[in-house]
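The values are calculated or read from the model by the stated rules, or taken from the named source; none is laboratory data. Predicted, not measured: the structure shown is a model, and the values here were computed from it. To get the accessible areas, we keep the full protein, side chains included, count just its heavy atoms, and leave off ligands, DNA and RNA. Shrake-Rupley method; radii C 1.70, N 1.55, O 1.52, S 1.80 Å.
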Amino acid sequence: MEKVVGKGTNQEKEPKRTNQEGSTQIKTYSWDNAQVILVGNKCDMEDERVIFTERGKHLAEQLGFEFFETSAKENINVKQTFERLVDIICDKMSESLETNPTIAASNEKHTAKGHPSSTAA
């Protein structure tokens with residue numbers, strides 16, 4: 001799940017939020033096991049930038065998230081950002097299977113009964 005807290009341009013049009021408020025919103029409005037990364041979009045609009053890369057990195061570090069800058073318009077770093085989020089989700093799913101054997105056992109039962117496994121490629 002990706003939670004957008006603010007935009008990288010035209011910041012004055014949006015209410016200013018503190019780091020704590022953004023983190024609280026993410027925790028309040030997401031699932032307990034949601035995986036979050038911080039994405040600064042519109043990095044192609046350098047002349048209108050109000051949030052610089054170092055500030056984004058610092059915020060991500062404070063919140064415990066990974067940070068990416070992207071441009072959907074110019075297709076900069078979009079694929080890499082989604083791929084990293086998928087990797088994070090897969091890592092967490094693997095950890096869950098390792099720490100909770102009942103999930104793995106349930107998955108094996110469904111596979112044995114002819115149901116496709118969610119982990120099958």
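Please give the per residue accessible area of the range 37-96, computed with a probe of 1.4 Å over protein heavy atoms only, in Å². Walk me through the numbers on the way to the answer.
Details: 4080 Å² over 60 residues.
Value returned for the range 37-96: 68 Å² of accessible area per residue.
When the accessible area of the range 37-96 is computed with all protein chains present and a 1.4 Å probe, what percentage of it is carbon and sulfur? Please report the intermediate quantities before stating the final value.
Working: 2150 of 4080 Å².
Carbon with sulfur: 53 percent of the solvent-accessible area.
Mind checking the full-extension length gain between I51 and T24? Use 0.36 nm per residue of separation minus the Cα-Cα distance, one decimal, nm. Each step should come with its number before you reach the end.
Working: separation 27, 0.36 × 27 = 9.72 nm, distance 2.05 nm.
Additional length available on full extension: 7.7 nm.
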